[in-house]
Every structure is written in structure tokens, then in C-alpha cells.
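Written below as C-alpha cells is the structure these notes are about.
The values are calculated or read from the model by the stated rules, or taken from the named source; none is laboratory data. Just so you know, these numbers come straight off a predicted model, no measurement behind them. Don't worry about glycine lacking a Cβ; one is built from the backbone with ideal geometry, like all the others, and counts go over all protein chains shown. Please note that ligands, DNA and RNA were not included when accessible areas were found on the heavy atoms of the full protein model with its side chains. Shrake-Rupley method; radii C 1.70, N 1.55, O 1.52, S 1.80 Å.
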Amino acid sequence: MSSKISILLVEDEENLHEALKLNLELEGYEITSAFDGQQALKAIQSEYFDLIILDVMLPGVDGIGVTETVRVQNNDVPILILSAKNASADRVLGLKKGADDYLTKPFNLEELLLRIQKLIEKNKKMQEKGDFIGDVYNFGKNIIDFKAQEATTKDGERIQLSKKEAMLLKLLIENKNEVVTREKILQAVWGYNVYPTTRTIDNFVLNFRKYFEDDSRHPKYFHSVRGVGYKYTE
């Protein structure tokens with residue numbers, strides 16, 4: 001399991017791609033390469049990235065199209081667009097479609113590295129936000145002891161939670177009333193670069209309903225938001 005920061009580099013000009021890849025790896029980043037929009041979208045679908053560096057002029061789906069697709073899927077990974085187009089209209093379009101930053105070619109490597117660092121730090125802070133709850137949390141007749149990884153269910157039964165169950169419960173409760181995307185859950189709870197299936201999370205949520213809901217078919221606390229993620233409400 002890698003704790004390295006992973007970056008998806010999407011650039012079709014091979015010489016520039018290789019030079020960037022080399023420099024980023026020297027900085028200690030883990031780089032996944034894509035040379036067109038289709039490849040990029042495929043990679044984003046199956047892996048977690050801390051940042052995407054994206055050229056605008058790409059074969060097939062261009063950088064703007066990739067950005068749009070990523071944002072429609074509710075994925076809030078930071079996107080840094082690289083473009084030979086300096087017109088402010090292009091810059092505005094890129095930012096409008098959801099890019100976090102925009103750098104025109106030719107650029108200074110040091111500036112690129114600084115911007116990358118800033119975006120990654122900002123994203124980390126955003127992910128760490130959330131209401132921090134203590135070791136024990138009550139809702140309805142349920143009690144969860146995160147430290148002991150135990151819970152008392154609605155029927156007063158004490159159950160042992162797996163580490164992943166406790167982590168997922170904590171993540172959902174800390175983001176009460178907000179949808180937590182499946183990407184965020186998989187990264188925060190599983191921490192893999194390559195994800196287990198969505199079915200895995202679904203099964204966890206079904207268990208939570210069995211333990212904690214009065215009527216698991218009409219959940220009051222644990223909700224699936226189709227195609228996006230999961231939500232805990234009170």
C-alpha cells in the first residue's frame with residue numbers, strides 16, 4: 001500500500017510527458033501516465049489520485065471534456081490544467097468547468113511544482129474537515145464506541161465492529177447530513193490506490209441498517225445516494 005502522493009499526468013506530447021514525469025518522480029510523487037482523454041477517464045474510474053495534471057489539447061476527449069466528466073461524477077480531485085492556449089477565454093472556460101488551477105505553456109518547472117504542492121495541501125485540508133466526534137457516539141437507541149470498536153444496537157445487543165466498519169461509521173457521522181462520495185470513502189477507509197467494488201460499501205451500509213435502523217427498508221440514518229455515495233442523517 002503506497003502512502004506516496006499519486007498524480008495522474010495526462011499529456012499527449014511525448015517529450016514533455018517524459019520530462020514532467022521524470023521531474024515529478026524526482027520530487028517523490030507517484031505518476032500514472034495517460035496520453036489521451038479516454039485513457040485518463042479510464043484511470044480516474046479505477047484509481048484514486050491526489051491530483052490530475054491535464055493538458056487541454058488531447059486526442060479524442062479534450063482536457064475540458066475530461067474535467068467536465070470528472071466533476072459530473074462528483075469527484076472533487078484537484079485538477080491543474082496545462083495549456084498552450086493563453087487566451088483568457090480558455091482559462092475562464094477551464095476554471096468554469098471545474099479546474100482548480102490553470103498554467104500556460106511554456107511554464108517554469110518551479111512554478112508548476114509550487115502550484116502542485118499548494119493544490120495537494122488544500123485538498124488535504126478539505127478532506128480533514130468535518131465535525132470531529134469523540135470516542136463514543138449515541139443516536140436513537142444506538143451507541144457506538146469507536147475506540148473499543150463496539151456498538152450497542154437498537155435492540156440493546158452488544159456487537160463487535162470490524163475496523164473498517166468503525167472507520168466507515170465515523171466518516172459518515174463526521175460528515176452528518178452530507179453526501180460522502182464513494183471515492184472519498186474508499187480512499188479514507190480502504191486507502192487503496194485501486195478500489196474494491198462499490199458492492200463492498202453497499203454491504204457495509206446494509207449491515208449498519210440491520211444493526212441500527214428500526215426499519216431497514218426505510219432507513220432513517222443510513223442512506224445510499226444513487227451513483228454518488230452515502231449519507232448519514234439524524
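General observations
- Only Cα sites of the chain enter the Debye sum here, all with the same form factor; the resulting log10 I(q)/I(0) across q = 0.14, 0.18 1/Å is -0.90, -1.26, listed in q order.
- In order along region 173-185, the Karplus-derived 3J(HN,Hα) couplings, from 6.51 cos²θ - 1.76 cosθ + 1.60 at θ = phi - 60°, round to 5, 5, 10, 3, 6, 10, 6, 9, 5, 4, 4, 5, 4 Hz, and Gly and Pro are given as x.
- CD proxy at 222 nm, helix term only [per DSSP H run n ≥ 4: -39500 (n - 2.57); per residue of the chain; nearest 500]: -12000 deg cm²/dmol
- Over region 152-234: Rg over Rh, Cα atoms, Kirkwood Rh: 0.95
- Candidates per chymotrypsin sites (Phe, Trp or Tyr not before Pro) in region 45-146, loop by DSSP, up to 14 other Cβ within 10 Å: PHE107, PHE132
- For the chain, the carbon plus sulfur part of the accessible surface works out to 49%, probe radius 1.4 Å.
- Here region 23-66 is treated as an ellipsoid with the same Cα gyration tensor; its semi-axes, largest first and in whole Å, are 20, 12, 8.
- For the residue pairs LYS21/LYS105; LYS96/LYS176; LYS97/LYS184; LYS176/LYS231; LYS141/LYS220, alpha carbon separations beyond 18 Å are given by LYS96/LYS176; LYS97/LYS184.
- 16 Å Cα-Cα reach of LYS164 towards aspartates and glutamates, excluding residues that sit fewer than 8 places from it in its own chain: ASP135, ASP145, GLU150, GLU174, GLU183, ASP202
- Residues of region 136-234: accessible area per residue with a 1.4 Å probe, Å²: 53 Å²
- Longest segment of the chain lacking trypsin sites (Lys or Arg not before Pro) that sit in a DSSP loop with at most 16 other Cβ atoms within 10 Å: 5-84
- Take the Kirkwood radius over Cα pairs of region 38-151, plug it into Stokes-Einstein at 37 °C and 0.692 mPa s, and you get 200 µm²/s for translational diffusion.
- Paramagnetic reach from GLU68 (point 7 Å along Cα→Cβ, amide N under 16 Å) across region 15-38: 37-38
- Cβ-based net charge around LYS220, under 14 Å, with every Lys or Arg adding one and every Asp or Glu removing one: +3
- Cα long-axis angle, helix 63-72 against the chain (0 to 90 degrees, to the nearest 10): 10 degrees
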